[in-house]
Amino acid sequence: MKQLMLYCRSGFEKECAGEIQDRATALEVFGFPRLQKNSGYVLFECYQNGDAQKLVKELDFNSLIFARQMFAVAAEVTDLPREDRISPILEQLSDVDTMPLCGDIRIETPDTNEAKELLKFCRKFTVPMRQALRGKGALMHKENAKKPVLHICFVQPGHCYIGYSLPGNNSQFFMGIPRLKFPADAPSRSTLKLEEAFHVFIPRNEWDERLASGMWGVDLGACPGGWTYQLVKRSMFVHSVDNGMMAQSLMDTGQVKHHQEDGFKFEPARKNVTWLVCDMIEKPSRVAQLMGEWIISGWAKEAIFNLKLPMKGRYDEVLQDIENLKVFLIENGVKFKLQAKHLYHDREEITVHVQCLSNISPH
């Protein structure tokens, strides 16, 4: 296998391509990205056969910022006849001797406006395709989350890429997108950004411990309260910092203290904060520096924040800001885990999560 498929947000193919080029080269896998603007995906073409399997195994998916999903491509099928799309796919798969036995199947399409009709077909096609694959012994008879996932990605009607991803090194979500419902009582749609970040960055089996009721959080740039809402919903208490007004429904809970002041100058009176969240419209370098100062000072144990991207040089800006933050934390003796992702509910921004692994005394 010589190709790696990566899904991304439509319009961010260039950033996704630049990232996979850099990361593959670092693993001594050489090739080039194929991309089409606003297609919602990038194909990385390796020079050596077998390198796609190497990437899908050795490249840490969670460390990729702009990719929503990645899988090694085993076959490309074009001109599928409308009357029988299953037989040509089975035929192609039978010719691939390096394709592992998979425990689940996802029939997907890149996330673009043009592909919405195609997505309806994918959902209808999944059941008959699954049955046919099981009949041929290409898919386990029962779903098995510990086995590879078989992907069939339709980029156009009659044109698909077939491949596999590995459990533990892929996105667990269909199309790489958590399906979230906007809560009717939330004060703004931005609430979904933080909810998605929890799904992507915090393992579900750790929610009870790390997103526990009774914790204190700080929301910088909180107005009108979309991110505060997520903390309140989890029975936390929140210092919401913003010169603007907070939604009255949040204030009525008794869990929110509203501080009408500058988020860059706010300091919690008591150093008992677990979560720091921030979605301020500010230069990304300045926000990253502020988050680093909170972690170094021991004012928060975990932080989730957004970095707004410039119109040009988005990939370079992201790399620089994150690298500067890492260096800042390391120089101050902080052990940490950092993840960054261009989430589905993000637009011209990326979301970063920092978990402090050191025991830092607040000062």
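The values are calculated or read from the model by the stated rules, or taken from the named source; none is laboratory data. Keep in mind that what you see is a predicted model, and the values were worked out from it rather than measured. Cβ placement follows ideal geometry from the backbone for every residue including glycine, while neighbour counts extend to all protein chains displayed. When the accessible area is computed, the model is the full protein with side chains, heavy atoms only, and any ligands, DNA or RNA have been set aside. Shrake-Rupley method; radii C 1.70, N 1.55, O 1.52, S 1.80 Å.
A few notes on this one:
- Hits in the stretch 151-170 - residues which are open to solvent by 10 Å² or more (accessible area, probe 1.4 Å), on the phi < 0 side of the Ramachandran plot and not aromatic (Phe, Trp, Tyr): 155, 156, 157, 159, 166, 167, 169, 170
- Checked against the criterion of being part of a loop (DSSP other than H, G, I, E, B), open to solvent by less than 70 Å² (accessible area, probe 1.4 Å) and in contact (Cβ under 8 Å) with a residue 40 or more places away in the chain, the stretch 10-28 has at least one qualifying residue.
- Being at pLDDT 95 or above and open to solvent by 20 Å² or more (accessible area, probe 1.4 Å) is a description that does not apply to residue 88.
- Count of residues meeting criterion [open to solvent by 50 Å² or more (accessible area, probe 1.4 Å) and more than 12 Å from residue 284 (Cβ to Cβ)] in the stretch 312-322: 1
- Pairs linking a residue in the stretch 311-334 that is of a type in the set (Ser, Thr, Tyr) to a residue that is modelled with pLDDT of 95 or more, with Cβ atoms under 6 Å and 6 or more positions apart or on different chains, are 315/15; 315/18.
- The single condition from (1) under 25 Å from residue 121 (Cα atoms); (2) open to solvent by less than 70 Å² (accessible area, probe 1.4 Å); (3) free of Cβ contacts under 8 Å to residues at least 40 places away in the same chain that residue 35 fails is (2).
- Among the candidates 312, 337, 326, residue that is over 15 Å from residue 263 (Cβ atoms), assigned to a strand (DSSP E or B) and not small (Gly, Ala, Ser): 337
- Residue tally, condition of a type outside the set (D, E, K, R) and assigned to a loop (DSSP other than H, G, I, E, B), over the stretch 243-261: 9
- Sole exception among (1) farther than 28 Å from residue 172 by Cβ; (2) open to solvent by less than 60 Å² (accessible area, probe 1.4 Å); (3) among the aliphatic types (A, V, I, L, M) for residue 340, by number: (1)
- Picking from residues in the stretch 113-125 that are open to solvent by 70 Å² or more (accessible area, probe 1.4 Å) and in a helix (DSSP H, G or I), the one that is nearest to residue 66 (Cα to Cα) is 116.
- The residues on offer are 148, 128, 178, 183, and the sole one that is open to solvent by 10 Å² or more (accessible area, probe 1.4 Å) and within 30 Å of residue 227 (Cβ to Cβ) is 183.
- The set of residues from the stretch 248-276 being among the hydrophobic types (A, V, I, L, M, F, W, C), open to solvent by 20 Å² or more (accessible area, probe 1.4 Å) and modelled with pLDDT of 95 or more comprises 251, 264.
Per-residue answers, yes or no, for (1) in contact with a Cys (Cβ under 6 Å, 6 or more places away or on another chain); (2) within 17 Å of residue 17 (Cα to Cα); (3) at pLDDT 95 or above:
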site	(1), (2), (3)
64	no, yes, yes
93	no, no, no
101	no, no, no
116	no, no, no
128	no, no, yes
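- Residue in the stretch 103-112 that is surrounded by 12 or more Cβ atoms within 10 Å (Cβ to Cβ), in contact with a Cys (Cβ under 7 Å, 6 or more places away or on another chain) and hydroxyl-bearing (Ser, Thr, Tyr) present: yes
Table: residues versus (1) touching a residue at least 24 places away in the same chain (Cβ under 8 Å); (2) among the aliphatic types (A, V, I, L, M).
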site: 186; (1), (2): yes, yes
site: 190; (1), (2): yes, no
site: 201; (1), (2): yes, no
site: 219; (1), (2): yes, no
site: 222; (1), (2): yes, yes
site: 227; (1), (2): yes, no
site: 237; (1), (2): no, no
site: 242; (1), (2): no, no
